[in-house]
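The structure appears right after this line, and notes come after that.
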Amino acid sequence: MVTTHNLGFPRIGAKRELKFALESYWKGQSSRDELKSHAAQLRRRHWQNQQALDLAPVGDFAFYDQVLDMSFTLGNLPERVQGFHGDVLDNYFRVARGRSAETGDDHSACCGGVAAGEMTKWFDTNYHYIVPEFTAATEFKLDASRLIEQLGEARAAGVKAKPVIIGPVTYLWLGKAKDDSDRLALLPRLLSVYTHLLDTLGAQGVEWVQIDEPVLVTELDASWQSALISAYETLKLRKVKLLLATYFGQLQNNLELAASLPVDGLHIDAINARDEVTKAAALLPANRVLSVGAINGRNIWKTDLNAALEWLEPLAKQLGDRLWLAPSCSLLHVPVDLDSEQKLDAEIQSWLAFALQKLVELNVLATALNKGRDAVAPALAANAAAIHSRRTSPRVNNPEVKAALAKIDAALGRRVSAYAARATKQSALLNLPAFPTTTIGSFPQTPDIRHARSQFKSGALDEAGYKAAMRKEIEHSVREQEKLGLDVLVHGEAERNDMVEYFGEQLDGYAFSQFGWVQSYGSRCVKPPILFGDISRPNAMTVEWITYAQSLTNKPMKGMLTGPVTILNWSFVRDDQPRSVSCYQLALAIRNEVLDLEKAGVRVIQIDEAALREGLPLRRAQWNDYLTWAVESFRITANGVADETQIHTHMCYSEFNDIIASIADMDADVITIETSRSDMELLDAFDNFRYPNEIGPGVYDIHSPNIPSQDHIVDLMKKAAERIPAERLWVNPDCGLKTRQWGEVIPALTNMVSAAKTLRSQV
Ligand code: GLN
Ligand code: ZN
């Protein structure tokens, strides 16, 4: 018999209940007890949802983040929050959010104001975890109360509980040594706490523990590999059985290592590493369980169940009871319930599966393996029909798009002339001063703007009324920019809800869910649009707004677009073609928009690639492949314009050293980047030889309400001028200003413009 289990369930709730409970608590509108009871309710509901499984995860719920939970379980709190007098949940939120909980915390006077823990991306997902902090002196101390409490709840809810913990090696790997000491030196100390933890769970009658070691899908050097060996040699004598879970990729040269570790079972992500399943089955000793992640935990598509059975059936014969079945990874990365959707097109909806639907699929697969396909014939037939409908739907397949894609050649992504020649023509036409000033695109999204949009969406405001309201906003931002004396203006993006959704809504091949929320960090969720078909652009998307804005001023108006790589990386994408193909399709669609803007007389066009770096694969060996098609997609989008048209791009991060050649290859005339927090040091990556075009290093941090002083900006720009020739420098903020208020924006930009004037007279 095949055993079914799940690696983790989305904790945010089908209607984002956890988000609202957390935010209400943080605002002081509900008590800690209310928050805790909300959470317990959600956990109970989620176990009920997983009742059909043989084993359900416990400990996958977190108030903020599962890595932070693990830090508390291991007693690894940053020194700055130790000795907190208040409730431990409040201290947990202090690490997560960098302050004491606004209320519900009586100790803000004695223990207030701490820096938040650093947050970073969880492997190659869009989930962010709180980075564990270490020093050479870090001591660990077990606090198993969270797991024990939830274990009790799970049992009361009637599920067979399988506690889930992050493995010791992955835990160290995810963290940072604040004193640059060797994290691995902490392993022996850490293992004694893990031993204690496993014994504690064993004493509670736990049979299986899922121990996550996703580091195994990354490139590991010998010291990390031997850490894994010594860790599991130490943990093997415990009474509980260990299921070692890997996910998000292939094990490759870690496969033999993973199969040889002395644990009781190994989980493999069969979506990313199908080939390794057979290899692992051959490598594993005869008494070990092989858990196969056969359902994609990272996307929203139905699984082709009949196709999956084709390769699972022989495996089930070979392994018998030793075969376990699960999603590829925790379902944290998908929305909860497709059945909540009221507005999705019925045909598209029939192709999708969210977390709950994925669990049903799992059950169908297991039943087919245990009792034969006949036992689930209707479900398999319905699944086959849905898969067939998606594969053959004219809404997915657009022959014109495929034909255009086939015609892509190197010339499509190449500018007519090299940068130096273009720069001369552009400066003759644009006539900009030295140190030209600009902004990144958005101006404050005021309550008025949001109100107008929601009225429009609900039908209370008609299209003409909405457009008039947005035009008023655009005019306002243009007038303000003129008063400020900025050199290249923007229209302010008032009409955009979101930089990806705005374009997705206007492209064919995209669908939008109402409740398809996925946790990004803490209470923050994103609702990625669903790229389901070949992408085309039925109509111009931005030309009307930009030409209206241009009509208001004699200054150059910058057309504002989101680039193909960013749209791709922030969407749920197709699993029936490579990401690169979807990206090229987006590139062709946005290219048409670029050309239409140019035709309409727009002389400066910015194509944002905020998420280009985010798409880098987990393994460096695959970076080159990704960067090749990502950069080519950008080039196709941008480079069809005449020499005189100036292309800008924007990236809101600051690590470029390892990908600078690719960034230079994009060949934008101007790139604006985030630098203000790094004191311009990161410009070292952009020295003369490696980055030959123009650069606008962000001179102030738009995430902070602080107003930068003119002197500070002059200072930063002088530092920049030590690294980049002054004639290639622009002056601009770090990123868009949509989250700020006009009252902050005006003084900040006033100082920025004065700083540019000072620089013109001094440098
Ligand atoms: N043009 C966008 C804006 O100004 C860019 C946002 C981003 O890079 N995240 O808001
Ligand atoms: Zn940005």
message: Shape verdict for region 292-337, please, from the Cα gyration tensor: rounded (a/c under 1.5), prolate (a/b greater than b/c) or oblate.
response: oblate
- prompt: Quick one: helix 88-97 against the long Cα principal axis of the chain, what's the angle to the nearest 10°, folded into 0 to 90?
  reply: 30
- line: Stretched fully, the stretch from Asp679 through Val763 gains (0.36 nm per residue minus C-alpha distance, one decimal, in nm) 28.4 nm
query: Top to bottom by accessible area (1.4 Å), largest first, where do Glu256, Glu361 land?
result: Glu256, Glu361
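Give me the percent of DSSP beta bridges within region 585-719 that run antiparallel, rounded to the nearest 5.
For region 585-719, the DSSP antiparallel bridge percentage is about 0.
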query: Ala136: net charge of surrounding residues, Cβ under 15 Å, Lys/Arg +1, Asp/Glu -1, itself excluded?
result: -2
message: Test of understanding: what is the full-extension gain from Lys457 to Glu219, defined as 0.36 nm times their sequence separation minus their Cα-Cα distance?
response: 80.9 nm
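Give the shape of region 330-398 as rounded, prolate or oblate, defined through the alpha-carbon gyration tensor: a ≥ b ≥ c are the square roots of its eigenvalues, a/c under 1.5 means rounded, and otherwise the shape is prolate if a/b is larger than b/c and oblate if not.
Verdict is oblate for region 330-398.
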task: Mind giving me the nanometre distance, one decimal, between the label points for Ala434 and Gln318, set 7 Å out from Cα along Cα→Cβ?
output: 7.0
query: Solvent-accessible area per residue for the chain at a 1.4 Å probe radius, Å²?
result: 38
message: On C-alpha positions alone, give me the angle between the axis of helix 17-26 and the longest principal axis of the chain, in degrees, nearest 10.
response: 70
message: How far apart, in nanometres, would the label points at Asp264 and Glu79 be if each is projected 7 angstrom from Cα along the Cα-to-Cβ direction?
response: 4.0
field: Distance (nanometres) between label positions extended 7 Å along Cα→Cβ at Lys236 and Ala282
entry: 2.3
Partner lysines for Lys317 [C-alpha distance under 18 Å; skip if fewer than 8 residues away on the same chain]: Lys279, Lys371
Pairwise centroid distance, computed over Cα atoms, of region 642-719 with region 486-551, Å: 24
statement: Computed over the chain: longest principal axis from alpha-carbon atoms vs helix 274-283 long axis, angle to nearest 10 degrees, is 30
- prompt: For the pair Ala52 and Asp87, what calculated FRET efficiency results from E = 1/(1 + (r/R0)^6), where r is the Cβ-Cβ distance and R0 = 41 Å, to the nearest 0.05?
  reply: 0.65
query: Going highest first, how would you order 396-409, 81-94 by mean Cβ packing within 10 Å?
result: 81-94, 396-409
field: Pairwise centroid distance, computed over Cα atoms, of region 1-24 with region 403-443, Å
entry: 46
- request: For region 721-747 and region 313-369, compute the distance between their C-alpha centroids and round to whole Å.
  value: 47
- prompt: For the chain, which whole percent of the accessible surface, found with a 1.4 angstrom probe, sits on carbon and sulfur atoms?
  reply: 50
query: Which value, in Å² and to the nearest 10, is the accessible area of His703 when all protein chains are kept and the probe is 1.4 Å?
result: 110
- prompt: Is the shape of the chain best called rounded, prolate or oblate, per the rule: a/c under 1.5 gives rounded, else a/b larger than b/c gives prolate, else oblate, with a ≥ b ≥ c the square roots of the Cα gyration tensor eigenvalues?
  reply: prolate
statement: The extension gain from Ser340 to Phe512, computed as 0.36 nm times the residue separation minus the Cα-Cα distance, is 60.6 nm
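The values are calculated or read from the model by the stated rules, or taken from the named source; none is laboratory data. If you're wondering where the values come from, they're calculated on a predicted model, not measured in any experiment. Counting neighbours? That spans all protein chains shown, and the Cβs are built from the backbone with ideal geometry, glycine included. Accessible surface areas use protein heavy atoms only, side chains included; no ligands, DNA or RNA. Shrake-Rupley method; radii C 1.70, N 1.55, O 1.52, S 1.80 Å.
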